[in-house]
Amino acid sequence: QVQLVESGGGLVEPGGSLRLSCAASGTIFRMTTMGWYRQAPGKQRDVVATITGDGTISYADSVKGRFTISRDNAKNTVYLQINSLKPEDTAVYYCNTTWWGRVYWGQGTQVTVSS
């Protein structure tokens, strides 16, 4: 059974930083593409960043230069370092993967950017 558990969200002031973590189980982690998505209130869930098993990375244009995705295959964990946070980054952030053709999501972690 695939499980994804996010952590690291919180309330931060504009310009601050956070590191989100997503611990995965139930897959051969090193072979899987992992993604971070976010969903703001009243908006659709959008991709933020993805990283393949061999380390190929892509970012949404809106976060390039501020967000960094990385993975530690020994810990079955994917990270999202978020810097220079803006109020418009406020959202629930979700971890995502696809395994044997099925899409899995974590429960999400709330990031709120406010002074």
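Things to note:
- In a simple Cβ point-charge model (Lys, Arg +1; Asp, Glu -1; nothing else charged), the chain has a dipole of about 140 debye relative to its Cα centre.
- Computed in the context of the full set of protein chains, the accessible area of the chain at 1.4 Å probe radius has 48% of its extent on carbon or sulfur.
- Radius ratio Rg over Rh of the range 31-93, counting only Cα atoms, Kirkwood formula for Rh: 0.98
- A simple spin-label model places pseudo-atoms 7 Å from Cα toward Cβ; at S114 and S7 they are separated by 2.5 nm.
- Length gained on full extension, K86 to K43: 13.8 nm, using 0.36 nm per residue less the C-alpha separation.
- Of the chymotrypsin sites (Phe, Trp or Tyr not before Pro) found in the range 40-115, the ones in coil according to DSSP and having at most 10 other Cβ atoms within 10 Å of their Cβ are W100.
- For the chain, the Kirkwood estimate of the hydrodynamic radius, built from every pair of different alpha carbons, is 14.0 Å.
- For the range 1-53, fraction of C-alpha pairs farther apart than 19 Å, in %: 41
The values are calculated or read from the model by the stated rules, or taken from the named source; none is laboratory data. These figures come from a predicted structure and were not determined experimentally. Cβ coordinates were reconstructed from backbone atoms using ideal geometry, including for glycine residues, and neighbour counts include every protein chain displayed. Remember, those area values only see protein heavy atoms, side chains included, never the ligands or the DNA or RNA. Shrake-Rupley method; radii C 1.70, N 1.55, O 1.52, S 1.80 Å.
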